[in-house]
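Worksheet: the structure to be examined is printed underneath.
None of the figures in this text is laboratory data; all of them are computed from the coordinates on show. This structure is a prediction, so every number in the text was calculated from the model and none was measured. Ideal geometry is used to build each Cβ from the backbone, glycine not excepted, and the neighbour counts take in all protein chains shown.
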């Protein structure tokens, strides 16, 4: 019988302890057991560190959990925190989970088996959008296939839904860039240029939390970083960058209205 591969779950952490514990509990409930948890503690305030370690210690009385906490000396931002996790990982697959998001109990099992069966290097899934009280407020559907000309117009990949082969990252500068939002969008664009097609599963296996104070809810910051995606990272000219920013904004608005 083929041995199931291990996956490292990379979680950047900063100042949302209650949500982190909910996210971790969703990992503990996974039907797929070959995982390692890697938390990159990216907060200048170290007061939550003891509480997180205690949480894991209490869990270890019930079952064995493979985990590691890396503490950044200075706050680097979520993208670079994930890069630290990528460099410290040694498993076949990497999965990303933001500390305020939640996974369905069969998330890893369904997605990794899908990737193994079809020899896929990068996959994502559909997801629910929830509020601060865990209530579902909308949803997003994943297409079976996404190519570059589709992704450049609309970011339809939820970060906490992604599982990627570690062979793709850390080489050829395929890492998260240091911008506060849309850092994942830049990386997905770089990856799809390399592998040509990104595969999706239209099964809702993740709960993405949308809160009023999140960086992703800052519309001005989102526009600024959207422009940077095209101008600084895709190396488009001024007019072309503004054109694609307009298309991106329209498609984002459409998704909001539909849902």
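The table for this structure:
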item	result
The chain: radius of gyration and largest Cα-Cα distance (Dmax), Å	17.8, 59
Whether segment 107-245 is rounded, prolate or oblate, judged on the alpha carbon gyration tensor where a/c under 1.5 counts as rounded	oblate
Per-residue Cβ neighbour rank within 10 angstrom, fewest leading, 183, 116	116, 183
Inter-label distance, nm, simple model (7 Å from Cα along the C-beta direction), residue 235/residue 46	4.2
Computed FRET value (nearest 0.05) for residue 220 with residue 110, which takes r as the C-beta separation and R₀ as 51 Å	0.85
Net length gained if the chain between residue 73 and residue 25 were fully extended (0.36 nm per residue, minus Cα distance)	14.6 nm
Mean Cβ neighbour count within 10 Å, used as a protection proxy, ranking 185-193, 242-250, 162-170, 68-76 highest first	185-193, 162-170, 242-250, 68-76
R0 of 30 Å, Cβ-Cβ distance residue 202-residue 174: FRET efficiency to nearest 0.05	0.70
Nearest 10 degrees, 0 to 90: helix 107-118 Cα axis against the chain principal axis	60
Rounded if a/c under 1.5, otherwise prolate or oblate - segment 17-118, Cα gyration tensor axes	oblate
Ranked 181, 91, criterion: other C-beta atoms within 10 Å, fewest first	91, 181
FRET efficiency for residue 133 and residue 153, using Cβ-Cβ distance with R0 set to 41 Å, rounded to 0.05	0.80
